[in-house]
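**Q** My questions all concern the structure below.
The values are calculated or read from the model by the stated rules, or taken from the named source; none is laboratory data. None of the values given here were measured: they were computed from a predicted structure. No Cβ is skipped: glycine too gets one built from the backbone with ideal geometry, and neighbour counts run over all protein chains shown.
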Amino acid sequence: MELFLSALRWIFDPDHWQSGSISPLPIQDRFLEHLRYTGTSMAIAAVIALPLGFFIGHYGRGRQFVITFTGAMRALPTLGLLYFLLMVFGYWLSFDTAPLVGSTIAFVILAIPSMLAGAYSGLESVDRQTIDAARASGMTEWQILVRVEIPLALPLIVGGVRAAALQVIATVTIASYAGLGGLGRIITSGIGLNDYDRILGGALLVTALALVVDGLFALVQRVTATPGLSEHRPAAPRRTISRSPRPRTPKIA
Amino acid sequence: MKWTRENLDLIRELTFNHVQLSILPIVLSFVIALPLGWLANRNRVLRSVVITVGSLLYTIPSLPLFVILPLIIGTRVLDATNLVVALTIYGVAIMARSAADALASVDKTTIDASTAVGYSSTARFLRVELPLAGPVLLAGIRVVSVSTIALVSVGVIIGSQNLGYLFQNGKQRGILEEVIVGILISLLLALIFDLVIVLIGRLLMPWNQSDRGGPSKRIAVPGAESQLLAPSPGDT
């Protein structure tokens with residue numbers, strides 16, 4: 001407990017937030033770096049994964065591909081992928097751009113499966129009758145996708161983005177080991193200096209960042225849920241149709 | 001291939017360690033998660049507690065957890081126990097949720113029927129609920145297995161000797177082959193573990209074989225008549 005208190009004191013020490021201190025301080029610089037890497041790679045991954053997931057979900061083609069692909073990607077060791085890309089790009093690019101490009105690509109690769117699975121399974125969770133009704137009322141396929149399927153699937157889509165964000169935040173921490181910035185840098189330098197307050201302080205900062213981001217996405221998931229569709233929330237177990245403790249009809253009162 | 005040929009002993013030893021470090025957390029997380037899943041299925045408050053705590057733990061990034069853990073459980077920083085405990089925590093976080101879902105997937109009428117023919121609650125759990133929850137439990141343990149094997153390699157940062165050593169050493173010495181070999185063996189291990197788990201599942205649940213490939217396939221282009229053929233959504 002004493003160690004935690006002293007780590008917290010380390011975090012809140014104003015000296016460690018002073019701009020212009022020796023790297024890896026000040027903390028806010030590493031914090032912003034961490035967010036920047038995460039944000040950039042998430043944006044790139046979203047541009048690739050979400051449209052693909054929507055396509056597969058809408059047409060129902062390539063389901064097996066998504067399942068196999070996401071399963072196989074889960075088996076890929078992050079550290080190995082990261083180091084592999086860093087080395088490959090190290091051959092081509094200059095010393096200062098290689099870590100950034102290599103690790104960003106690694107983050108993108110790691111973020112894609114969750115986003116793809118979220119987008120795909122979100123669309124698949126939409127009631128067939130609802131889609132048929134939309135089609136019967138004269139909507140084009142594009143309108144069905146944009147106005148019916150995506151809004152109804154939004155909590156699950158956001159759920160995929162949420163999982164991807166956590167994966168990237170965790171991996172950025174590891175990437176500090178390979179010379180990238182970010183909060184992991186604080187842990188790494190702490191290990192080098194044998195400074196426990198610093199190690200633990202860095203670890204707590206990353207954990208706090210992950211928890212806050214996770215909480216924000218959880219909130220977004222709740223906000224984007226279509227009212228009256230509570231049983232489609234991602235928390236619902238998959239096969240409880242026949243044995244749900246609650247009545248399936250929406251509450252009236 | 002030169003590096004590989006010259007370092008077969010090292011590769012063999014690291015692979016062996018990697019397997020050892022993976023098996024324990026996988027087995028432990030199953031053993032710990034099953035009672036938690038059972039608890040979570042008793043009432044809604046416990047369910048949300050188990051799932052919330054599980055997802056919070058799962059949220060903690062791996063490197064910080066590896067670093068924080070020794071301070072909490074009082075081990076030395078470079079002790080292999082840290083890695084096993086950390087991986088077990090992640091495994092339980094996935095598996096408890098999965099176990100709760102698995103037990104919830106058992107048909108209520110079947111449970112009522114087994115009560116009616118005279119099963120005590122313990123016997124009913126062991127001989128009716130558990131076997132019927134088997135397929136979903138199996139799916140959960142497969143996820144745990146794959147992610148554990150991939151995560152073990154991060155442990156090299158806290159001094160654990162496993163395939164992650166090939167990544168770190170390969171990067172430091174600039175031997176790309178070493179990193180690639182590490183990745184390939186890690187993928188291969190994940191595949192072998194998965195096949196073994198599926199095989200164990202087949203042996204324990206011979207009635208489940210026709211179920212392979214998922215219970216239902218979505219009809220490709222939805223049309224009005226497909227509603228008659230398609231099973232209820234959410235059942236996939």
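**Q** Can you name every residue in the range B:108-123 that is surrounded by 13 or more Cβ atoms within 10 Å (Cβ to Cβ) and within 11 Å of chain A (Cβ to nearest Cβ)?
**A** B:Lys108, B:Thr110, B:Ile111
**Q** Any residue that is in contact with a His (Cβ under 8 Å, 6 or more places away or on another chain), in contact (Cβ under 8 Å) with a residue 12 or more places away in the chain, surrounded by fewer than 24 Cβ atoms within 10 Å (Cβ to Cβ) and assigned to a helix (DSSP H, G or I) - is there at least one of those in the range A:111-122? It would help to see each step written out before you state the result.
**A** Start the filter on the range A:111-122 by keeping residues that are in contact with a His (Cβ under 8 Å, 6 or more places away or on another chain), which leaves none.
Checked the range A:111-122: no residue is in contact with a His (Cβ under 8 Å, 6 or more places away or on another chain), in contact (Cβ under 8 Å) with a residue 12 or more places away in the chain, surrounded by fewer than 24 Cβ atoms within 10 Å (Cβ to Cβ) and assigned to a helix (DSSP H, G or I).
**Q** Let me ask something else. Of all residues in the range B:137-148, which are at the interface with chain A (Cβ under 7 Å from one of its Cβ atoms) and either buried (at least 22 other Cβ atoms within 10 Å of the Cβ) or at positive phi (or both)? It would help to see each step written out before you state the result.
**A** Residues of the range B:137-148 that are at the interface with chain A (Cβ under 7 Å from one of its Cβ atoms), as a first pass: B:146-147.
Answer for the range B:137-148, where residues must be at the interface with chain A (Cβ under 7 Å from one of its Cβ atoms) and either buried (at least 22 other Cβ atoms within 10 Å of the Cβ) or at positive phi (or both): just B:Val146.
**Q** I need the helices (runs of 4 or more DSSP H) fully contained in the range B:103-184, keeping only those with at least 3 residues that are under 21 Å from the mean Cα position of the chain (by Cα) and closer than 30 Å to B:Val85 by Cβ. Full working, then the answer.
**A** Numbers: elements: B:108-116, B:121-124, B:130-152, B:164-173.
Answer list for the range B:103-184: B:130-152.
**Q** Does the range A:136-153 contain any residue that is at pLDDT 85 or above and either touching a strand residue (DSSP E or B) at 6+ places or on another chain (Cβ under 9 Å) or of a type in the set (Phe, Trp, Tyr) (or both)?
**A** In the first step, residues of the range A:136-153 are kept if they are at pLDDT 85 or above; the result is A:136-153.
With the extra rule that they be either touching a strand residue (DSSP E or B) at 6+ places or on another chain (Cβ under 9 Å) or of a type in the set (Phe, Trp, Tyr) (or both), the set shrinks to A:142.
The answer is yes, given that some residue of the range A:136-153 is at pLDDT 85 or above and either touching a strand residue (DSSP E or B) at 6+ places or on another chain (Cβ under 9 Å) or of a type in the set (Phe, Trp, Tyr) (or both).
**Q** Looking at (1) out of contact with any Asp or Glu (no Cβ under 9 Å at 6 or more places or on another chain); (2) aliphatic (A, V, I, L, M); (3) within 13 Å of another protein chain (Cβ to nearest Cβ); (4) farther than 30 Å from B:Thr15 by Cα, which is the one condition that is false for B:Leu126?
**A** (3)
**Q** Please work out which residue is surrounded by the most Cβ atoms within 10 Å (Cβ to Cβ), limiting yourself to the range A:19-68 and to residues that are in contact with a Leu (Cβ under 7 Å, 6 or more places away or on another chain), within 13 Å of another protein chain (Cβ to nearest Cβ) and not β-branched (Val, Ile, Thr).
**A** Looking at the filtered set, the residue picked out is A:Gly57.
**Q** Please go through the range A:169-187 and give me each residue that is more than 20 Å from the chain's Cα centre (by Cα), crowded, with 24+ Cβ neighbours inside 10 Å and facing chain B (nearest Cβ under 9 Å), ordered by number.
**A** A:Ile187, the sole residue that qualifies.
**Q** Looking only at the range B:202-229, count how many residues are touching a helix residue (DSSP H, G or I) at 6+ places or on another chain (Cβ under 6 Å) and either within 13 Å of chain A (Cβ to nearest Cβ) or modelled with pLDDT of 90 or more (or both).
**A** If we filter the range B:202-229 for residues that are touching a helix residue (DSSP H, G or I) at 6+ places or on another chain (Cβ under 6 Å), which is where we start, we get B:205, B:208, B:219, B:222, B:224, B:227.
So of that shortlist, the ones also either within 13 Å of chain A (Cβ to nearest Cβ) or modelled with pLDDT of 90 or more (or both) come out as B:219, B:222, B:224, B:227.
Selection size over the range B:202-229: 4.
**Q** If I go through the range A:192-230 residue by residue, how many of them are under 30 Å from B:Leu71 (Cα atoms), more than 8 Å from chain B (Cβ to nearest Cβ) and free of Cβ contacts under 8 Å to residues at least 24 places away in the same chain?
**A** Summing the residues that are under 30 Å from B:Leu71 (Cα atoms), more than 8 Å from chain B (Cβ to nearest Cβ) and free of Cβ contacts under 8 Å to residues at least 24 places away in the same chain in the range A:192-230 gives 8.
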